[in-house]
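The values are calculated or read from the model by the stated rules, or taken from the named source; none is laboratory data. All of these numbers come straight from a predicted model, not from anything done at the bench. Cβ placement follows ideal geometry from the backbone for every residue including glycine, while neighbour counts extend to all protein chains displayed. Side chains are part of the model used for accessible areas, which takes the heavy atoms of the whole protein and leaves out ligands, DNA and RNA. Shrake-Rupley method; radii C 1.70, N 1.55, O 1.52, S 1.80 Å.
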Amino acid sequence: MVEQIAEDVYWVGVVDWDLRSFHGHELSTHRGSTYNAYLIRDDKNVLVDTVWDPFKERLIENISEVIDPSEIDIVVANHAETDHSGALGEVLRYSPGATVICSKMGEKNIRGHFHRDWNFQTVSTGDSIGIGDETLHFIGAPMLHWPDSMFTYLAEKKILMPNDAFGQHYATGFRFNDQVDQCELYQEALKYYVNILTPFSSQVTAKIDEVLELGLPVEMIAPSHGVLWREEPLQIVEKYRQWAAQEPEERAVLLYDTMWEATRRMAEAIGDGLAENDIPFKLIDIAVSDLNDALVEVFRSAFIAVGSPTANGEVLPAVSALLTSLKALKFKNKSGFAFGSYGWSGEGVGIIRHNLEEAGIRVEDEGLRCKWQPAAEDLKKCRAAGRDIGRSLKN
Ligand code: FEO
């Protein structure tokens, strides 16, 4: 259903209630998502972003509720990723003469996706285009989260359209932040930040500073996923500033996989030691848990312990996947610990320690290994390790 979000500005996007994984199967989306596209009616009709290809007909139907799709003069492509550019070909089939406005990198990436010679016009920070009563300003936002990303600002309406930034994978029947459950909204906004934007946290801080220095009044932030921020729109900017600082809480998360319960028992004993020091913590069996949700716990926690039994000289595959994600997301300001059981060769703990260090996580302890099932003495060492971790967190 089309929704007018300001005078002559319409949300013409799609709510994808059924989406349960994004980027193929890389990112879980328990609450679905939306692909937000915006239509501005003026002397020149402008579409800001499109939707994912499977929904291209819905986009055309939505546009048709407002104008004839052949009357689109300009398509702003803030970002080339398929969930926003996927329906570009369909839109331009209706309006083949339309200008596609994007960043320089955006043109390269869109050409790489579609291999079509459309009427591109590239823009960068400081460029603006009058479309009648309204003026569009453009702000380059490279690596938020792709090299081509940019923001569009509707000057007269005071609406910032920052594409992926400030978004959430969150399907709802409503379009605005003040209409939805705030707990769900912030769970999804944080999960989105952690899993998509964490590696670019320094760019997030710099871009927030740059945009605030421009002194642009912002009455609404209209991202490309989830709800639009119209009530206190800068609240999500402040949250991003806070998240980008990566100052974790005084809490721990213990992530492990286990074959015959030995590594699980070690994790539980480390947890007992943490509890003795009143440190909040979570135990997560990563083999049966959602990796993206687990990474949110990692983001929040100042201490991360990772455990795996050794199998064929390696850690178990679920732990490998976790370690790969830790290296990719480049969390800051965390300490780590490795533990695990083994039967004969016992490389697992060393592998975990090495990978944690490669991920930029401080590891000051050799870690704990236990041969076969933990004996009382092993569990005592695990509890002691938990107490040490707790003391280090308190200090
Ligand atoms: Fe929502 Fe980077 O695409």
* To do: Quick one: what are the phi-derived ³J(HN,Hα) couplings along the stretch 87-103, Karplus 6.51/-1.76/1.60 with θ = phi - 60°, whole Hz, x for glycine and proline?
  => 9, 4, x, 5, 4, 6, 5, 7, 10, x, x, 5, 8, 9, 9, 7, 6
* Counting DSSP beta bridges in the stretch 7-76, what percent are antiparallel, to the nearest 5? -> 75
* Asked: To the nearest 10 degrees, how steeply does helix 348-358 sit against the main Cα axis of the chain, on a 0 to 90 scale?
  -> 40
* To do: May I ask you to give the percent of accessible area on the chain that is carbon plus sulfur, with a probe radius of 1.4 Å?
  => 48
* At what distance in angstrom do the alpha carbon centres of the stretch 211-236 and the stretch 4-75 lie from each other? -> 19
* Across Lys44/Lys108; Lys104/Lys334; Lys327/Lys380; Lys104/Lys239; Lys191/Lys381; Lys334/Lys381, pairs whose alpha-carbon gap is larger than 27 Å -> Lys104/Lys334; Lys327/Lys380; Lys104/Lys239; Lys191/Lys381
* Structure fact -> So, over other residues within a Cβ distance under 10 Å of Pro69, counting Lys, Arg +1 and Asp, Glu -1, the net charge is -3
* FRET efficiency for Glu238 and Glu57, Cβ-Cβ distance as r, R0 = 51 Å, nearest 0.05? -> 0.85
* What percent of all Cα-Cα pairs in the stretch 138-269 falls in each 10 Å bin, counting up from 0? -> 11, 38, 28, 12, 8, 3, 0
* Once both axes come from the Cα atoms, what is the angle between helix 317-329 and the longest principal axis of the chain, in degrees from 0 to 90, rounded to 10? -> 50
* **Quotient of Cα Rg and 2.2 N^0.38 Å for the stretch 75-211, N being how many residues it contains** => 1.11
* To do: Return the distance in nm (one decimal) between the two label points of a simple spin-label model at Met1 and Asp178, each offset 7 Å from Cα along Cα→Cβ.
  => 1.9
* With the contact rule set at Cα under 8 Å and sequence spacing of 6 or more, what percent relative contact order holds for the chain? -> 11
* Given only helices, namely DSSP H runs of n ≥ 4 each adding -39500 (n - 2.57), what is the per-residue ellipticity at 222 nm of the chain, to the nearest 500 deg cm²/dmol? -> -10500 deg cm²/dmol
* Give, as ranges by residue number, the residues of the stretch 267-304 whose backbone N falls under 17 Å from the point 7 Å along Cα→Cβ of Ala321. => 284-298
* Asked: What ratio of Cα Rg to 2.2 N^0.38 Å holds for the chain?
  -> 1.13
* Cut-off 12 Å between beta-carbons: net charge of the residues surrounding Ala359, Lys and Arg +1, Asp and Glu -1 -> +4
* Structure fact -> Of the residues Ser128, Tyr342, Ala37, the Cα lying farthest along the dipole of the chain towards its positive end, which is defined by charges on the beta carbon of Lys, Arg, Asp and Glu, belongs to Tyr342
* To do: Grab the other residues whose beta carbon is less than 15 angstrom from that of Val237, score K and R as +1, D and E as -1, and report the net.
  => -3
* Return the whole-Å distance between the Cα centroid of the stretch 106-153 and the Cα centroid of the stretch 344-391. => 49
* Grab the Cα-Cα distance for Glu247 and Trp372, subtract it from 0.36 nm times how many residues apart they are, and report the gain in nm with one decimal. => 41.2 nm
